[in-house]
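Colleague: Input: one structure, supplied below.
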Amino acid sequence: DTGVSQDPRHKITKRGQNVTFRCDPISEHNRLYWYRQTLGQGPEFLTYFQNEAQLEKSRLLSDRFSAERPKGSFSTLEIQRTEQGDSAMYLCASSFTGGNTEAFFGQGTRLTVV
Amino acid sequence: DAKTTQPTSMDCAEGRAANLPCNHSTISGNEYVYWYRQIHSQGPQYIIHGLKNNETNEMASLIITEDRKSSTLILPHATLRDTAVYYCIVRLTNAGKSTFGDGTTLTVKP
């Protein structure tokens, strides 16, 4: 296992289109997190899962955003009717719940809405 | 999560120690201090964390003051590859989310 994997690495889409990103966590990690990062800012928390349960969602996660982790393994983040303000880096991370709980991040998916 | 305050930017000469400060005056007794760094165009990378004792690993040392209101991340021999944004985060060890600030941009100069 080489770490957290995100796909695609880059996505350019037209305003109004739907996009979906995938995250494959480190295989034995039961927690999975999504963050969004805009230029010059630190990552902002969006949501996290413990196994397949979505335990917390940020107010940043508008109703156009939905995240799933159906079998407690990989996760998808979908943005419907994209807006230019959605342009950002979307980061996924995973961790254990007990013991060492530091999160390991993927390389991110950079979304550009034109 | 307690709020943290870090300087916006710092410079360090290659081969010298880089000391990155973080203030977290509202930290609660069971909150840990975590440090991550982010090299340009990559995801954040975990460096180290601690509760009250000083910690050291292969990447860095973490010094936490006795009152736990501030900490310092030490990179003992900075290299050009240590140029990155360094984030100090305070949270419960088993908390779900981490609250990142804007971090400190460390530039290591030859």
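Quick note: the coordinates plus some simple rules give every number you see, no bench work behind them. Worth saying up front: this structure is predicted, and the values here are computed from it rather than measured. Note: ideal-geometry Cβ built from the backbone for every residue, glycine included; neighbour counts use all protein chains shown.
Colleague: Where in the stretch B:28-110 are there strands (runs of 3 or more DSSP E), lying fully within it, with 1 or more residues that are loosely packed, with under 15 Cβ neighbours inside 10 Å, of a type in the set (Asp, Glu) and within 12 Å of chain A (Cβ to nearest Cβ)?
Modeller: Correct list: empty, since no element meets the threshold.
Colleague: Does B:ASN57 qualify as being farther than 25 Å from A:GLN107 by Cα and either in contact with a strand residue (DSSP E or B) (Cβ under 9 Å, 6 or more places away or on another chain) or not polar (S, T, N, Q) (or both)? Working first, answer last.
Modeller: Numbers: farther than 25 Å from A:GLN107 by Cα: no; either in contact with a strand residue (DSSP E or B) (Cβ under 9 Å, 6 or more places away or on another chain) or not polar (S, T, N, Q) (or both): yes.
In short, no.
Colleague: Okay, moving on. If a residue must be within 14 Å of chain B (Cβ to nearest Cβ) and either closer than 18 Å to A:PHE49 by Cβ or surrounded by fewer than 17 Cβ atoms within 10 Å (Cβ to Cβ) (or both), how many such residues does the stretch A:76-103 contain?
Modeller: Number of matching residues: 14.
Colleague: Let me ask another. For A:GLU52, state whether it is closer than 16 Å to A:CYS92 by Cβ, surrounded by 13 or more Cβ atoms within 10 Å (Cβ to Cβ), more than 11 Å from chain B (Cβ to nearest Cβ) and without any contact (Cβ under 8 Å) to a residue 24 or more places away in the chain. Write out each step before concluding.
Modeller: Values: closer than 16 Å to A:CYS92 by Cβ: yes; surrounded by 13 or more Cβ atoms within 10 Å (Cβ to Cβ): yes; more than 11 Å from chain B (Cβ to nearest Cβ): yes; without any contact (Cβ under 8 Å) to a residue 24 or more places away in the chain: yes.
Considered against the rule, which asks whether it is closer than 16 Å to A:CYS92 by Cβ, surrounded by 13 or more Cβ atoms within 10 Å (Cβ to Cβ), more than 11 Å from chain B (Cβ to nearest Cβ) and without any contact (Cβ under 8 Å) to a residue 24 or more places away in the chain, A:GLU52 comes out as yes.
Colleague: Another question, if that's okay. Determine whether the stretch B:12-22 contains at least one residue that is among the polar types (S, T, N, Q) and assigned to a loop (DSSP other than H, G, I, E, B). Please lay out each step first, then the result.
Modeller: Kept after step one, since they are among the polar types (S, T, N, Q), are these residues of the stretch B:12-22: B:19.
From the residues that got through so far, the ones that are assigned to a loop (DSSP other than H, G, I, E, B) too are none.
No, the stretch B:12-22 has no match at all.
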